[in-house]
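Taking it in order: structure first as structure tokens, then the write-up.
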Amino acid sequence: MSNDTKLPDREARLRGALDAADVGVWEWTIPTGEVAWTDTLERIHGFGRGSFGGTFDVYSSCIHEDDREAVLGAIRRAVEQRSTYEVEYRMYRPDGSIHWVSARGRVFADESGRPRMMMGICMDVSERRRTTEALRLLLDASSTLASSLDYQKTLATVANLCVPHLADWCVIDVLLEDGRLERVAVVHRDPEKVSLVHELQAKYPAPPDAPNGPQRVVRTGVSEFVPDIPLDLLRANARDEAHLATLMALGMRSYICLPLLARGRTLGAITLINAESRRAHDTHDLRVAEELAARAALAIDNARLYERSVEASRAKDEFLATLSHELKTPLTAVLGYASLLEKGDLDPEETRSALEAIKSAAKAQARLVEDILEISRQVLGKVRLDVTPTNLVGVLREAADTLLPAARARGVQLRIECSAPECLVLADPSRVQQILWNLVSNALKFTPEGGSVTLTVATRDGFATIEVRDTGAGIPSQFLPHVFERFTQGPGRRDQGGLGLGLAIARHLVELHGGSIEAHSEGEGKGATFTVRLPLLRDPAASAPREPGRHSHAGT
């Protein structure tokens with residue numbers, strides 16, 4: 001160290017240490033109301049160097065209105081008691097942003113004992129407060145989400161927790177099974193603004209292909225983060241000038257929209273908007289929102305899994321009751337006619353009728369058992385396909401010939417329509433026939449006397465298309481999405497018999513062939529159409545028949 005280098009004096013060293021710690025120093029001359037701030041304190045409060053007004057009134061105006069009374073009360077008590085002062089509060093910067101500060105001070109009296117001056121320090125504690133509040137928010141949200149399996153109510157509570165700690169607005173949308181978004185929560189401190197948003201949604205519902213917002217986030221599974229909402233974004237979402245004016249009146253400044261993701265599926269979206277607080281969302285808010293969205297999605301997923309388990313348990317109970325009844329009915333017939341035959345009191349004609357009845361009952365019971373075994377094989381992944389180049393036209397005609405007596409017995413016309421003499425697919429003929437039997441048998445079951453069931457096969461866009469169309473009872477719209485589920489029968493269909501397995505078996509076999517199946521109905525009393533699509537065989541000469549059992553697929 002050279003002889004010219006001098007250590008700074010004590011005051012300079014103290015100021016250097018305070019600046020290094022990002023701590024500002026203030027002095028308030030109580031009789032005159034003059035306030036002096038160091039450069040660091042001006043910077044903490046967002047003022048340019050030397051731009052602070054230097055009065056107690058200017059300082060007071062910087063305090064957040066929700067904290068002002070408490071802060072001024074603490075200062076007043078410190079002055080009256082000639083004591084120390086310590087408080088944390090929110091303050092406004094000139095740009096409108098809100099920060100947390102921690103202030104400490106001490107009152108000094110003059111020779112006569114009157115309070116003359118208050119001196120102290122102040123530091124910005126916004127990050128610490130934000131971290132603490134974020135942890136508290138996540139803990140409260142987790143507790144709320146774990147408290148009930150009614151996710152709609154818990155999500156509404158979570159939205160209330162977000163306002164105003166994380167945003168001025170919180171909106172939560174949940175994706176329904178039919179692909180629609182249901183808005184389960186809209187929260188703002190002003191109830192009139194909440195009503196306005198509901199009115200906007202009713203008047204200007206967002207289309208599924210909206211370029212941004214919850215619809216896009218749910219559609220793509222990708223978050224949207226806009227720290228500063230530009231006017232162009234509002235224009236892109238506005239339907240007309242009145243809509244734009246309303247959006248602008250809401251004063252939206254910053255925006256985060258996150259997908260609710262669980263097990264790789266999008267369950268909805270949570271939207272956070274800052275407006276009148278004039279805060280801009282940053283990466284800290286984004287991280288907290290992402291964690292909140294993850295916890296909310298998990299709660300939705302768990303609640304829905306529980307609902308499905310309850311429904312599965314109920315379906316199992318109904319299935320067991322139906323199975324008992326379906327097995328008991330033919331067994332009762334077998335036992336009854338066997339008892340009559342044992343007595344030997346029947347004449348030859350009656351004996352023949354009894355034997356036919358026993359045979360028919362045994363066949364019905366065998367079909368029930370085979371359906372149960374087929375479902376078991378599907379669940380265990382033991383369904384095997386012996387595939388070979390197969391002409392669907394021939395298989396369809398064979399299936400129709402087999403089912404024609406049943407159609408005649410019910411007074412239903414069974415028709416076949418083929419637009420091509422040959423329709424080749426790589427398939428297991430016996431399994432394709434099983435698919436057709438299940439679909440046609442189902443159609444016959446629900447088609448009244450005098451109605452018709454039509455089978456068509458055609459080629460379209462590289463696929464063979466099989467349609468089974470009936471003029472029967474139709475399928476209620478609320479049941480249509482569940483028509484291929486196991487052990488499921490629609491309202492009023494239990495009295496038709498069966499276990500509700502035929503369509504589930506058909507769907508599984510179609511999917512094992514690499515195809516698809518769908519059901520369509522205009523509603524009750526308007527018939528139903530089942531459409532099967534299987535990939536066409538591109539080069540029949542290149543596909544020799546397979547050896548039996550050589551080609552297999554695992555069920556799921």
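Structural remarks
- Set 231, 200: member being free of Cβ contacts under 8 Å to residues at least 24 places away in the same chain and of a type outside the set (Asp, Glu): 231
- Filter pass, residue 368 being open to solvent by less than 70 Å² (accessible area, probe 1.4 Å) and within 39 Å of the chain's Cα centre (by Cα): yes
- Candidate set from the stretch 35-76 (those that are surrounded by 13 or more Cβ atoms within 10 Å (Cβ to Cβ) and of a type in the set (Asp, Glu)); member that is farthest from the chain's Cα centre (by Cα): 39
- Positions within the stretch 99-109 being farther than 13 Å from residue 83 by Cα, modelled with pLDDT of 90 or more and not hydrophobic (A, V, I, L, M, F, W, C), in sequence order: 102
- Among the residues listed as 336, 394, 411, the single one being on the phi > 0 side of the Ramachandran plot and open to solvent by less than 60 Å² (accessible area, probe 1.4 Å): 411
- Candidates are the residues of the stretch 477-530 that are within 28 Å of residue 390 (Cβ to Cβ), among the β-branched types (Val, Ile, Thr) and at pLDDT below 90; the one that is surrounded by the fewest Cβ atoms within 10 Å (Cβ to Cβ) is 483.
- In the stretch 81-100, the residues that are over 30 Å from residue 113 (Cα atoms), in a strand (DSSP E or B) and open to solvent by less than 30 Å² (accessible area, probe 1.4 Å): 91
- Filtered residues of the stretch 233-279 (kept if open to solvent by 50 Å² or more (accessible area, probe 1.4 Å) and of a type in the set (A, V, I, L, M, F, W, C)): 236, 242, 245, 248, 249, 261
- Tally of residues being part of a loop (DSSP other than H, G, I, E, B), open to solvent by 30 Å² or more (accessible area, probe 1.4 Å) and in contact with a helix residue (DSSP H, G or I) (Cβ under 8 Å, 6 or more places away or on another chain) across the stretch 24-34: 1
- Filter pass, residue 426 being open to solvent by less than 30 Å² (accessible area, probe 1.4 Å), of a type outside the set (Gly, Ala, Ser) and over 28 Å from residue 315 (Cβ atoms): no
- Subset of the stretch 131-177 [surrounded by fewer than 14 Cβ atoms within 10 Å (Cβ to Cβ), free of Cβ contacts under 8 Å to residues at least 40 places away in the same chain and small (Gly, Ala, Ser)]: 143, 147, 148
- Taken together, 465, 456 contain a single residue that is touching a residue at least 40 places away in the same chain (Cβ under 8 Å), touching an Asp or Glu at 6+ places or on another chain (Cβ under 8 Å) and polar (S, T, N, Q), which is 456.
- Residue, farthest from residue 197 (Cα to Cα), within the stretch 273-290, restricted to residues that are touching an Asp or Glu at 6+ places or on another chain (Cβ under 7 Å) and polar (S, T, N, Q): 277
The values are calculated or read from the model by the stated rules, or taken from the named source; none is laboratory data. Not measured: the values here are computed from a predicted model. Cβ: placed from backbone, ideal geometry, glycine included. Neighbour counts: every protein chain shown. Keep in mind that these areas ignore ligands, DNA and RNA; they rest on the heavy atoms of the full protein, side chains included. Shrake-Rupley method; radii C 1.70, N 1.55, O 1.52, S 1.80 Å.
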